[in-house]
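So the structure is just underneath, and the comments pick up after that.
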Amino acid sequence: MKLTIPFYLHKVGAGFPSPATDYIEDDLDLNTHLISNAPATFIIRVQGKSMRDVGIYDGDLLIVDKSINPKSFSTVIANVNEELVVKTFIKEKEISYLTSGSKNTIDKINLGENQEVIIWGVVTYVIHKLQ
Amino acid sequence: MSYTSYSKKKNNIALIDCNSFYVSCERLFNPKIINKPVVVLSNNDGCVISRSVEAKKIGIKMGEPYFKVKDLVKKNDIHIFSSNYALYGDISRRVMKIIKEFSDKIEIYSIDEAFINLSFVENQRLNEYGKEIRERILKWTGVPTSIGIANTKTLSKVANYLAKKNKSGVIVLDKDKDIDEELKKFNVSNIWGVGKQLSKLYIKNDIDTAYKLKNISNTWVKRNTNVLGARTVMELRGISCINLETTESKRKSCCVSRSFGKKVENVEKLKESITTHCLSAAEKIRGDNQVARSVTVSIRTSPFDRYREYYSNSITIDLPVGTNNSIELIKAAIEGLKIIYKYGFFYQKSGITLSNLKDARNEEFNLLAPLLETKSKSLMRAIDKTNAKYGRSSISIAQAGINNSWKMRRKHFSKIDTSSFANLPMLKV
């Protein structure tokens, strides 16, 4: 993962500097927008259709931050039965559990004491190609 | 006589070492192999170079050739992986970045080890600080580490050795009494910097533990060892003699060599391999903004083949101007290959070394081809960018061949590359 270093575009030359110089500082950098903690952030490609409810489609890229802790209704990557899966994390008072999709709360997986072990990372963005 | 009473300037060094690093990287996206025996093989699936704790318990030894452990692997359902250096390199860079957040005085000692200076941390907080580092690396990258903290690099290595066996993963050796107790149990041959020859000499003189070495007389050390030996003794006494090498020194040469999956007789196939090696070495030095003044080509047959004659040769070509242009480097290397290639041999390995490396910015102005240079520079940049985006070797040059039968064996390759969009980890939902 590469983060580009911002650079200044304005060249020093003769004449009065462009009035826009104060406002143009660098190119928009999607890395800094999408990734707040580079060493802990991984990009994972999704295969399959079961997460359409939460807005994750086949072929999408997930930006996953391993350093943050999930809030209720966070989309997370979890290690369930020795497999990495995408789930919705829900916390109700003292109990936290995982479900698939935000509306379907039937297939609860209780986390109990094992939250740290089971939660692999928190999905912060989905990159979805429209055309 | 004891030498522990030297007045010591406070100096705390931590050695952070990733546990079974390559195995830990493979486990990151593959929970099925957590808590199971796992082994990673060297290039060309040659030898064991990383083992999980479970594999160690089964009796897999470090460095053992794969064919020797095949039976054990089958019998015990050990998971085997070919090495995936693109993945390990990316995870290593992440680990080092995290460590730097804890101390900017860092010496990256290898792909999975770093020394840092922690003199700014109060002694009673060292353990807690070490645990914080360990937990952060584990949470952010999934890689478990062991951390040893002490007054000198040599003692931090001892502490690290103990940390590997300790559940918490962090050991601070800062009290003379504790240090001595541990050094009494510590085999002299396991001390950092004590090689085979030196440990033979020590053991012959009944210096079999680190404690005995620490308390040896200065005259004996001077008479029987060299400067390095004397330094180790001082470091065991808690007097820091080996500084952190914090300035990232750029490499002086860059070597790429591979054994072939199948023996190669044809010169065209050798050309392909040399070209491919040049491409990856050139990309590496471009990444460091360096140019090479010399290219060395080497080829050899198998030294273990009892039925065929052995042949090994190499040649160094000096370049008129330093360059990191793949095409220029390949041209020179192929010329070299033509000189040393002998018909009728079955080659097992080829390699190239770019040496006499210089900072590209300091390379004197090339009178001959300033225009050509900028043109090829942007070509090289385009190649590097495309390969970063679409996976290694998406753009190559025709000479490298397309279907490389000589390419290395990677039967158990995990294919994941966290730093290339072409091979990102996949998740089925």
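The values are calculated or read from the model by the stated rules, or taken from the named source; none is laboratory data. None of the values given here were measured: they were computed from a predicted structure. Glycine also receives a Cβ, built like all others from the backbone with ideal geometry; neighbour counts cover every protein chain displayed. Ligands, DNA and RNA are stripped out before the accessible areas are found, and what is left, the full protein with its side chains, is counted by its heavy atoms. Shrake-Rupley method; radii C 1.70, N 1.55, O 1.52, S 1.80 Å.
Annotations for the structure displayed:
- Scanning the range A:26-59 for residues that are within 12 Å of another protein chain (Cβ to nearest Cβ), of a type in the set (S, T, N, Q), open to solvent by 40 Å² or more (accessible area, probe 1.4 Å) and part of a loop (DSSP other than H, G, I, E, B) yields a total of 1.
- Subset of the range B:7-35 that is farther than 22 Å from B:W140 by Cα and surrounded by fewer than 24 Cβ atoms within 10 Å (Cβ to Cβ) - its residue that is nearest to the other protein chains (Cβ to nearest Cβ): B:N12
- Taking the numbered list (1) in contact with a His (Cβ under 9 Å, 6 or more places away or on another chain); (2) in a loop (DSSP other than H, G, I, E, B) in turn, B:K10 passes all entries but (1).
- Considered as a group, the residues in the range B:388-422 that are part of a helix (DSSP H, G or I), within 13 Å of chain A (Cβ to nearest Cβ) and open to solvent by less than 60 Å² (accessible area, probe 1.4 Å) include one that is modelled with the lowest pLDDT, and that residue is B:A388.
- Subset of the range A:79-95 that is out of contact with any helix residue (DSSP H, G or I) (no Cβ under 7 Å at 6 or more places or on another chain), over 12 Å from A:L111 (Cβ atoms) and surrounded by 12 or more Cβ atoms within 10 Å (Cβ to Cβ) - its residue that is nearest to the other protein chains (Cβ to nearest Cβ): A:V86
- Selected residue (criterion: surrounded by the most Cβ atoms within 10 Å (Cβ to Cβ)) from residues of the range B:107-156 that are of a type in the set (D, E, K, R) and under 25 Å from B:N30 (Cα atoms): B:D112
- When restricted to residues that are part of a strand (DSSP E or B) and open to solvent by 50 Å² or more (accessible area, probe 1.4 Å), the range B:220-276 contains 4.
- Subset of the range A:62-78 [surrounded by 12 or more Cβ atoms within 10 Å (Cβ to Cβ) and under 16 Å from A:T99 (Cβ atoms)]: A:P70, A:F73, A:S74, A:T75, A:V76, A:I77, A:A78
- Any hit, the range B:174-187, residues being on the phi < 0 side of the Ramachandran plot, open to solvent by less than 10 Å² (accessible area, probe 1.4 Å) and basic (K, R): no
- Every residue from the range B:97-106 that is touching a helix residue (DSSP H, G or I) at 6+ places or on another chain (Cβ under 9 Å) and either surrounded by fewer than 17 Cβ atoms within 10 Å (Cβ to Cβ) or β-branched (V, I, T) (or both): B:K97, B:I98, B:I99, B:E101, B:I106
- B:S83 meets the conditions (1) surrounded by 20 or more Cβ atoms within 10 Å (Cβ to Cβ); (2) hydroxyl-bearing (S, T, Y); (3) within 18 Å of the chain's Cα centre (by Cα); (4) within 17 Å of B:I149 (Cβ to Cβ) in every case but one. The failed one is (4).
- Listed here are the helices (runs of 4 or more DSSP H) enclosed by the range B:103-219 that have at least 1 residues being small (G, A, S): B:126-141, B:153-165, B:196-204, B:210-214.
- Every residue from the range A:91-131 that is in contact with a Phe, Trp or Tyr (Cβ under 7 Å, 6 or more places away or on another chain), modelled with pLDDT of 80 or more and in a loop (DSSP other than H, G, I, E, B): A:K108, A:L111, A:H128
- Here the condition is being among the hydroxyl-bearing types (S, T, Y) and without any contact (Cβ under 8 Å) to a residue 60 or more places away in the chain; of B:T275, B:T225, B:T232, it holds for B:T225 alone.
- Within the range B:157-172, the set of residues being surrounded by 24 or more Cβ atoms within 10 Å (Cβ to Cβ) and not β-branched (V, I, T) comprises B:A159, B:N160, B:A163.
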